[in-house]
Amino acid sequence: MRALKNAFKLSILIGLTVLSFGCARTFTSRTAVLVMKVTLTFEGPVDLNKFNYMLIFSRSKGITLPPNTAPFPYFPTPGRTFNTDYLLRNSSGLSTYYQNFYTTWSDYMIFGTNTRAVYSSGGTAFVTPTTNIDGNEVVATQNFFFSPTSGFSPSVEINGNTMTISFQIQQLAPNTTFLYMQIATIERDIDPSMIGFDAGEFRDCLAAPIGIPIQQNNDQSVPDGTNTDLSNLKGADIRSCRIQIL
């Protein structure tokens, strides 16, 4: 009888041990959720009422932006409203923006007055919107607006001269191991024609896009490296960018 009881206890112990190892395997197989934390430092206080702040992303290193020197261009961005007449008076048209800039972006985030939005191209580049008029394909400036990416809103913290933006990387770029990023600032409402629209004039950017390996504990800092003369617009003058993968 004693031998039978000992055998029964041993079988229970073996069963609990197997169950314990099974549970351990279940917990250790989970994939870590990586968060990108971007800390931007400016020459003066961050001012969402006056400026738009942008993070621009690409899967390749060729992100392009206007020079951060005068004359600064009017700078609408995909999905956001702009004054068509003002654009045509001050540029050669919307198609030029796509050819020179937006086809090098895969996604971008924008922060401004009551604005915290993500716009995704759905691929590797924003494609010029066109429409058929009398048998000719033309750039559809009147249909430029579209909604931001739904269900995805990064967190933002502002403290004086710094802005910290955090988001889960897989929400922006699932299954991606490397990203490039640029920073840009836009000044709104400097002309009466701009009031009531999202677009403004381009102000500043980093000297070059930043290459970001998507690896946990990655921590890199990049100084601005440019000499933009924004003495009266210090909230748009980028000084440095720190990127952390948590």
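Scanning the stretch 114-123 turns up one or more residues that are in a loop (DSSP other than H, G, I, E, B) and in contact (Cβ under 8 Å) with a residue 40 or more places away in the chain. Against the criterion of being in contact with a helix residue (DSSP H, G or I) (Cβ under 9 Å, 6 or more places away or on another chain), over 30 Å from Leu88 (Cβ atoms) and not basic (Lys, Arg), Ile245 qualifies. Figure legend. Inter-residue proximity from the stretch 70-90: first residues under 19 Å from Ser120 (Cβ atoms) and touching a residue at least 60 places away in the same chain (Cβ under 8 Å), second residues among the hydrophobic types (A, V, I, L, M, F, W, C) and part of a helix (DSSP H, G or I), beta-carbon distance below 9 Å, spacing 6+ or different chains. Indicated pairs: Pro76/Leu87; Pro76/Leu94.
Residues of the stretch 74-104 that are surrounded by fewer than 16 Cβ atoms within 10 Å (Cβ to Cβ) and under 24 Å from Ala236 (Cα atoms): Thr81, Asn90, Ser91, Asn100.
A quick yes/no check of all residues on (1) without any contact (Cβ under 8 Å) to a residue 24 or more places away in the chain; (2) part of a strand (DSSP E or B); (3) of a type outside the set (Asp, Glu):
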{"position": "Gln170", "(1), (2), (3)": "no, no, yes"}
{"position": "Leu179", "(1), (2), (3)": "no, yes, yes"}
{"position": "Gln182", "(1), (2), (3)": "no, yes, yes"}
{"position": "Glu187", "(1), (2), (3)": "no, yes, no"}
{"position": "Phe197", "(1), (2), (3)": "no, no, yes"}
{"position": "Ile212", "(1), (2), (3)": "no, yes, yes"}
{"position": "Gly225", "(1), (2), (3)": "yes, no, yes"}
{"position": "Leu230", "(1), (2), (3)": "no, no, yes"}
{"position": "Ile243", "(1), (2), (3)": "no, yes, yes"}
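In the stretch 55-73, the qualifying residues are those that are hydroxyl-bearing (Ser, Thr, Tyr) and at pLDDT below 95, and the one that is surrounded by the fewest Cβ atoms within 10 Å (Cβ to Cβ) is Thr69. Reported count of residues in the stretch 77-98, each being among the aliphatic types (A, V, I, L, M) and within 24 Å of the chain's Cα centre (by Cα), is 1.
Residues in the stretch 200-230 that are modelled with pLDDT under 95 and within 15 Å of Thr81 (Cα to Cα): none. Scanning the stretch 12-51 for residues that are at pLDDT 95 or above and not in a loop (DSSP other than H, G, I, E, B) gives Val35, Met36, Lys37, Val38, Thr39, Leu40, Thr41, Phe42, Phe51.
Looking across the stretch 102-113 at every residue that is touching a strand residue (DSSP E or B) at 6+ places or on another chain (Cβ under 6 Å) and either part of a loop (DSSP other than H, G, I, E, B) or at pLDDT below 80 (or both), the one that is nearest to Thr64 (Cα to Cα) is identified as Trp105. Of the residues screened, Thr131 is not one that is touching a strand residue (DSSP E or B) at 6+ places or on another chain (Cβ under 7 Å), in a strand (DSSP E or B) and at pLDDT 90 or above.
Determine if the stretch 142-165 includes at least one residue that is assigned to a helix (DSSP H, G or I) and either more than 13 Å from the chain's Cα centre (by Cα) or at pLDDT 95 or above (or both). Full working, then the answer.
If we filter the stretch 142-165 for residues that are assigned to a helix (DSSP H, G or I), which is where we start, we get 142-143.
Retained after the next criterion (residues that are either more than 13 Å from the chain's Cα centre (by Cα) or at pLDDT 95 or above (or both)): 142-143.
Yes, the stretch 142-165 has at least one match.
Of all the residues in the stretch 52-76, those that are in a loop (DSSP other than H, G, I, E, B), within 26 Å of Gly196 (Cβ to Cβ) and within 15 Å of the chain's Cα centre (by Cα) number 1.
The values are calculated or read from the model by the stated rules, or taken from the named source; none is laboratory data. Quick caveat: nothing in here was measured; it's all calculated off a predicted structure. Methodologically, a virtual Cβ is constructed for each residue, glycine included, from the backbone with ideal geometry; neighbour enumeration extends over all protein chains shown.
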